[in-house]
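Below is one structure; the comments refer to it alone.
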Amino acid sequence: MTDSTSAPGRTEDRTTGIGESRGIRVRPFVPADVEPYRRWLQPHQDWHRWDGPYFPKLDVAGVDAACARLASSIADGSYGAHAPLTRAVIVTADDPATMLGTVSWHWESEVSDWRRMGLTVYDPTQRRRGVGTEALRLWTEYLFRTTSVVRLDFATWSGNERMLAVGHRLGFVEEARFRDAREVRGRRYDSVVMGVLRDEWESSGQRPAQAASSTS
């Protein structure tokens, strides 16, 4: 992934989008996303080589079950009722119907309000274009804006140099490195956690432009 040198773009908080920056938009899932999501989750897709390749992949039946749960949660309103959303879609502002990837979060410790983020750019043609950087910028801003969380982080591995570069670019700090903790394709790599505190984020200059100007 690479980043452009232009100023970050605008953010929005509408049903059509969680935010937008430099032509990249993060928005909620809608019913039409289920089938593209199903295709991208298939075990042969290239992104599995980089996003948690040490975890087991879902087989076709597992993918179908995951998509059925997603479709059901969209239909019955439970997906949209979750505040903040636990998962959202990455698209471009010019083509908001085409899924490029997803962002997510899960509890690392609910007791201490410690949330860990996830980011995946599925489409290999969209890598090295700054898509992941802008998506994580928007998702970080969204989670700080909609919760009282004091920190956010993500975990990756030392072989995923693009993800580490995204973290450094956005001002995240390497908080933990577990040496030789992951095995990928017969080689040992470090497990890495990168995080940012709320006050660091708010003063970092990495917030989307509209969010930054609204608090200045």
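The values are calculated or read from the model by the stated rules, or taken from the named source; none is laboratory data. Please read all numbers here as calculations on a predicted model, not as lab measurements. So basically every Cβ, Gly included, is an ideal-geometry build from the backbone, and we count neighbours across all protein chains shown. The protein model used for the area step is the full one, side chains on, heavy atoms only, and it has no ligands, DNA or RNA in it. Shrake-Rupley method; radii C 1.70, N 1.55, O 1.52, S 1.80 Å.
Taking the condition of being open to solvent by 70 Å² or more (accessible area, probe 1.4 Å) and assigned to a strand (DSSP E or B), how many residues in the stretch 99-117 meet it?
The total comes to 4.
Which residues, taken from the stretch 121-152, are part of a strand (DSSP E or B) and open to solvent by 20 Å² or more (accessible area, probe 1.4 Å)? It would help to see each step written out before you state the result.
Our first condition is that a residue be part of a strand (DSSP E or B); within the stretch 121-152, this holds for 121, 151-152.
R151 - this is the single residue of the stretch 121-152 that is part of a strand (DSSP E or B) and open to solvent by 20 Å² or more (accessible area, probe 1.4 Å).
How many residues does the stretch 23-33 contain that are in a helix (DSSP H, G or I) and either in contact with a strand residue (DSSP E or B) (Cβ under 7 Å, 6 or more places away or on another chain) or buried (at least 16 other Cβ atoms within 10 Å of the Cβ) (or both)?
Selection size over the stretch 23-33: 1.
Across the stretch 165-204, what is the number of residues that are open to solvent by less than 20 Å² (accessible area, probe 1.4 Å) and either assigned to a loop (DSSP other than H, G, I, E, B) or under 21 Å from T133 (Cβ atoms) (or both)?
Looking only at that region, the number is 10.
With T140, T125, T92 as the choices, which residue is among the hydroxyl-bearing types (S, T, Y) and within 12 Å of the chain's Cα centre (by Cα)?
It is T140.
Just a yes or no: is a residue in the stretch 60-68 within 19 Å of the chain's Cα centre (by Cα) and either under 21 Å from F154 (Cα atoms) or in a loop (DSSP other than H, G, I, E, B) (or both)? Step through it out loud before you land on a result.
At the first step, the residues of the stretch 60-68 found to be within 19 Å of the chain's Cα centre (by Cα) are 66-67.
If we keep only those that are either under 21 Å from F154 (Cα atoms) or in a loop (DSSP other than H, G, I, E, B) (or both) too, we end up with none.
Looking through the stretch 60-68, none of the residues is within 19 Å of the chain's Cα centre (by Cα) and either under 21 Å from F154 (Cα atoms) or in a loop (DSSP other than H, G, I, E, B) (or both).
Identify all residues within the stretch 47-71 that are loosely packed, with under 12 Cβ neighbours inside 10 Å and under 25 Å from V193 (Cβ atoms); write none if there are none.
Those that are loosely packed, with under 12 Cβ neighbours inside 10 Å and under 25 Å from V193 (Cβ atoms): F55, P56.
Scan the stretch 153-162 residue by residue and report those that are buried (at least 19 other Cβ atoms within 10 Å of the Cβ) and under 14 Å from the mean Cα position of the chain (by Cα).
Those that are buried (at least 19 other Cβ atoms within 10 Å of the Cβ) and under 14 Å from the mean Cα position of the chain (by Cα): D153, F154, T156.
Kindly provide the set of residues from the stretch 115-135 that are among the basic types (K, R) and at pLDDT below 95, ordered by number.
If the condition is that a residue be among the basic types (K, R) and at pLDDT below 95, then R127, R128, R129 are the ones that fit.
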